Amino acid sequence: MGDSECEAGGGAEGSTGIKERDMANITGITRGGTPYEPTFVTALNAANCIGCGRCYKVCPRKVFELVERGEDDENYDEDEDNSMVMTLADMLDCIGCGSCSRVCPKQCHTHSPLAAGAQRT
């Protein structure tokens, strides 16, 4: 397979819950004519998250949700300001802009490209 083809293989289901086919990844073109390949959020490392809400504020969709850490969370401390943590509310609503990664001080987000024509499962 070439660099622009889906590495998941025919009909494999990725971690996004979307069925991927053997085809090129989604690509776009900027207003200036430069091609780009968006990458979509696939995971969020809650252990590193400080609950600042920056990704939530810059996201143009409803991909993130700020929730309280559970008492069983090893990073939970009721006396500290880090009692909140970001979670993925709807990662399938991600448009691939990458704004969340650019503003995250702890680099908690994982992104990957998506095969063109992928279907929700």
Checklist outcome for this item: Taking a label point 7 Å from the Cα of Met84 along Cα-to-Cβ, the residues of region 48-65 whose backbone nitrogen sits under 12 Å from it are 50-57, 65
Checklist entry - Which whole-Hz ³J(HN,Hα) couplings does region 30-46 yield from phi under the Karplus relation 6.51 cos²θ - 1.76 cosθ + 1.60, θ = phi - 60°, glycine and proline marked x? => result 6, 4, x, x, 7, x, 9, 10, x, 10, 9, 5, 10, 7, 9, 7, 5
Item to check | Estimated inter-spin distance, Glu37 and Leu92, nm [label 7 Å along Cα→Cβ] | outcome: 2.4
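Quick note: the coordinates plus some simple rules give every number you see, no bench work behind them. Predicted model only: the values in this text are computed from it and were never measured. Because the Cβ atoms are built from the backbone with ideal geometry, glycine has one as well, and the counts that use them run over all protein chains shown.
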